[in-house]
Amino acid sequence: MNILNETGCAADMQLREEIAERCRQQLKKLANARSRAASQEEWEGLRRPLLDTIRAAFPSFMYDREPIASRVVSRHHFGDYRVENVIFESYPGWEVNGTVYLPAQPGPYPGVVCPTGHSCKTGESYQISAQIFARNGYAAISFDPPGVAGEIGHLNNHFTNGLIGYLTGIWSNTHFVLDAIRCIDYLETRDDIDFSSGGVAMTGVSGGGATTIYASLLDERVRFLAPVCCLNEHESLHLTDWYTSCPEQLGTGLIAHGIDFTDLIALQAPKPCLIVGGREDDLFDYRNTQRLYHDAADIYRLYGRESELGLFLDDCGHAYSVNMANVVVSWMNRVFKPETPPLALSREDLMVQEPGLLHCHPSNEVNMYTINRDEGRRLLGSRAVPQGEAGQAYLRERLRLTLGLEESDFPREADAAAWSLRARVQEQKPAGAYQFRAVSLRTTPVSEVPGLFMRRTRPTGVGPKADASGRLPAVLMIDEGGKWDGFRSFGPLTALGESLVYSIDVSGFGELAPRPAWHDVAPWCDIERTLTYLSVAASRSIMGLRVRDALHAWHYMRSLPEVDPNRLVLAGKGLGATVALLTSMLIGPFHKLVLWDSLLNYQALTEEFPFAWKQSVVVPDILRHFDLQDLLRNAPCVDKTVINPLNAAREFVDLAHASALYSEDVRICSGLEESKARDAFVQAILAE
């Protein structure tokens with residue numbers, strides 16, 4: 001059944017539309033403020049807090065760097081230029097594999113850092129641009145980013161290992177930008193680099209262009225930047241086309257503060273900047289890049305420096321072409337080598353070298369995985385969650401902030417009459433000894449929660465009975481597999497005696513699972529991945545939306561006259577169990593919490609790889625404040641049961657390990673095969 005909500009939105013488009021609309025409103029607010037800025041002073045009033053927001057998206061160790069120690073791996077001469085392959089650390093144990101392209105003649109030379117896109121530095125786009133810079137008298141350093149088909153790919157996948165960084169507060173972009181900044185530090189150690197202008201140039205294509213933009217905002221030593229084939233608008237790229245960008249494009253809270261790609265360029269003003277694009281680029285439409293350039297140019301005009309922002313479009317695709325590099329040199333010369341004309345180089349003047357000549361063989365002992373793991377362990381040792389009422393108050397407040405919950409997410413309606421205005425009964429059907437009622441509960445003007453109520457039509461003599469007033473015990477069930485899963489084939493939800501069972505689809509589950517986007521044909525694209533990144537950037541995680549849905553469903557169920565408010569059970573399976581646990585801290589005292597196939601805790605996602613949970617499990621910064629065991633210890637219920645806690649790979653967790661992690665009042669069953677786990681689930685709910 002494909003429900004339509006009050007706005008006519010199909011259920012499988014609901015999550016997409018809710019996240020998109022939130023992002024649009026946030027982006028529009030800053031865009032309007034930017035367009036109204038009539039003076040340099042007005043813009044500076046906006047600029048400073050935006051720069052603070054961007055800086056805060058990166059961990060503190062970005063700004064605590066040790067002196068550079070480097071070693072030369074190999075040297076090669078190619079006539080018109082030469083290369084030195086070097087290794088140095090950007091983070092303790094994390095080795096950058098740099099290839100420095102140098103002019104044939106002696107130095108000193110101005111420096112240019114060339115961040116590589118999400119591929120290997122040996123690719124044609126990277127070699128020919130760096131060669132052109134070297135032949136024009138610059139020292140150009142190129143390096144592999146983590147997680148690509150280069151030398152440092154293992155356990156550095158930005159889509160997976162990088163995603164886990166949201167949990168610890170280490171945004172995946174940290175590794176890309178820090179490497180680029182440390183390249184500047186490295187160049188400063190060389191006697192043949194000319195720093196008389198106060199810094200270096202930086203230019204990269206695709207993901208390297210994004211690195212260029214952020215590094216320039218964080219480090220004033222970037223005196224000129226030229227981002228190539230990487231600029232679009234969130235609206236066209238992510239909110240309309242639903243392209244799955246890398247998580248480096250979407251830092252925690254950046255969209256919440258309205259920061260779009262236009263702002264990332266406007267914030268550079270009055271620094272010299274050349275925007276470069278390809279008219280045949282099938283990822284970054286040049287017409288959007290043009291529009292972005294014109295909007296950012298308005299800010300440069302406020303400084304009287306409109307000539308410092310330029311736009312060059314070449315007749316090429318998603319690449320760093322020879323023409324692009326030649327034009328970038330002419331702009332770099334304005335800053336570093338005034339009055340020096342660029343060489344007129346063509347593709348025939350350049351040669352792509354064998355990859356082995358550029359390899360550095362860096363260590364991979366420290367990588368995204370180990371950094372996140374170690375930070376998770378450090379945070380575990382540094383967290384201090386209070387106990388008792390103080391702990392409950394602390395966790396409620398931290399949950400509200402971490403999940404991005406708002407006042408409207410906490411229902412105020414107290415009785416069935418009030419809730420009836422928000423609940424649409426879609427179907428009522430008898431099915432043997434059961435009566436089903438399909439209800440869609442409105443949570444916002446654009447969002448509804450599909451749910452199924454079930455009650456037996458004949459007494460069973462099993463489990464709790466109706467009380468003297470005829471009120472029934474009730475169970476709210478949240479199943480990652482969808483609201484029907486627990487009912488099919490006389491499933492466990494049909495074996496709960498006379499309890500009223502309310503099974504729901506929260507955002508992204510069951511009917512509300514998002515419809516794939518056309519880009520999902522590509523192996524790196526996935527609509528859930530896209531929505532996860534956008535929700536993090538909008539400070540409204542998908543897990544927060546799921547808790548919002550569960551809160552409304554819980555209060556609706558509790559308001560029904562046939563429900564006994566003293567005998568309420570909150571239950572979940574799979575990722576639905578994590579939603580139930582997060583929700584449990586926000587609903588006040590209740591009777592039972594039953595979690596089945598639940599994630600052991602968020603730290604487990606940092607400890608093991610690969611992980612098998614949906615990407616939308618992520619709650620940004622959660623490990624900086626608490627973990628799931630803190631919630632379970634403090635959950636305001638009488639009875640707590642955990643059946644088959646699972647690790648990152650969704651494998652059984654050792655009972656002793658789970659018991660040591662959780663509090664003594666939690667009943668734990670581990671390693672049960674499906675039929676026995678089902679029996680344990682039913683028994684946990686039915687037990688008096």
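The values are calculated or read from the model by the stated rules, or taken from the named source; none is laboratory data. For clarity, every value in this text was computed on a predicted model and none was experimentally measured. Reconstructed Cβ throughout: ideal geometry from the backbone, glycine too, with neighbour counts over all protein chains shown. Side chains included, ligands, DNA and RNA excluded: accessible areas come from the protein's heavy atoms. Shrake-Rupley method; radii C 1.70, N 1.55, O 1.52, S 1.80 Å.
A compact table of results
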| read-out | value |
| --- | --- |
| For region 259-390, convex hull volume per residue from C-alpha positions, Å³ | 252 |
| Pairwise Cα inverse-distance average, inverted: Kirkwood Rh of region 81-239 (Å) | 15.8 |
| Residue (of A104, C23, F88) at the positive-pole extreme of region 1-108, dipole from beta-carbon charges | A104 |
| With every protein chain in place, the chain: carbon and sulfur % of accessible area (1.4 Å) | 50 |
| Normalised per residue, the volume of the convex hull around the Cα set of region 185-328 (Å³) | 120 |
| For region 45-121: span of alpha carbons on each principal axis (Å, largest first) | 51, 31, 27 |
| Selected from G572, G198, G432, residue furthest toward positive end of dipole (the chain; charges at beta carbon) | G432 |
| Within the chain, percent of DSSP bridges classed antiparallel, to nearest 5 | 45 |
| Between helix 542-559 and the chain: long-axis angle, C-alpha atoms, 0 to 90°, nearest 10 | 20 |
| Alpha carbon convex hull of region 585-660, projected area averaged over orientations, nm² | 5.5 |
| List L283, L531, ordered by accessible area with a 1.4 Å probe, largest first | L283, L531 |
| Enclosed volume per residue, in Å³, of the convex hull spanned by Cα atoms of region 440-540 | 152 |
| Net charge contributed by nearby residues that have their C-beta within less than 12 Å of M351 (K/R +1, D/E -1) | -3 |
| Virtual spin-label span in nm between V446 and A466, 7 Å along Cα→Cβ | 4.3 |
| Gap separating the Cα centres of region 430-495 and region 116-169, nearest whole Å | 52 |
| Cut-off 20 Å, label 7 Å out along Cα→Cβ of E354, residues of region 56-87 by amide N | 73-86 |
| Whole-Å semi-axes of region 14-70's equivalent ellipsoid (Cα gyration tensor) | 31, 22, 7 |
| Computed accessible area, E66, all protein chains, 1.4 angstrom probe, square angstrom | 130 |
| Debye log10 I(q)/I(0) for the chain, one point scatterer per Cα, at q = 0.09, 0.11 Å⁻¹ | -0.80, -1.07 |
| 20 Å tail of the calculated P(r), region 493-555, as % of Cα pairs | 44 |
| Region 346-476: relative contact order in percent, alpha carbon pairs under 8 Å with at least 6 residues between | 10 |
| √(5λ) per eigenvalue of the Cα gyration tensor, region 354-425, largest first, Å | 49, 23, 8 |
| Two-decimal ratio, region 297-367, of alpha-carbon radius of gyration to 2.2 N^0.38 Å | 1.61 |
| Kirkwood hydrodynamic radius of region 484-626, Cα pairs, Å | 16.8 |
| Mean Cα-pair separation over length for region 553-688, i.e. relative contact order, pairs under 8 Å, 6 or more apart, % | 24 |
| Relative pair counts by distance (%), Cα atoms of region 1-155, 10 Å bins | 9, 22, 21, 22, 17, 7, 2, 0 |
| Proportion of all alpha-carbon pairs of region 521-601 beyond 21 Å (%) | 41 |
| Distribution of pairwise C-alpha distances over region 103-194, 5 Å bins, in % | 3, 14, 20, 20, 17, 12, 7, 5, 2, 0 |
| Dipole magnitude (debye, nearest 20) for region 247-320, charges at Cβ of Lys, Arg, Asp, Glu | 300 |
| Region 625-688, Rg to Rh (Cα coordinates; Rh as Kirkwood inverse mean 1/r) | 0.97 |
| Cα-Cα P(r), region 571-626, percent of pairs per 10 Å interval | 21, 52, 24, 3 |
| Cα Rg over Rh - region 154-223, Kirkwood | 1.05 |
| Lysines whose Cα lies under 20 Å from that of K614, excluding same-chain neighbours fewer than 8 positions away | K483, K573 |
| Acute angle (nearest 10 degrees) that the helix 527-537 long axis makes with the longest principal axis of the chain, alpha-carbon atoms | 80 |
| I265 accessible area, assembled protein chains, probe 1.4 Å, Å² | 0 |
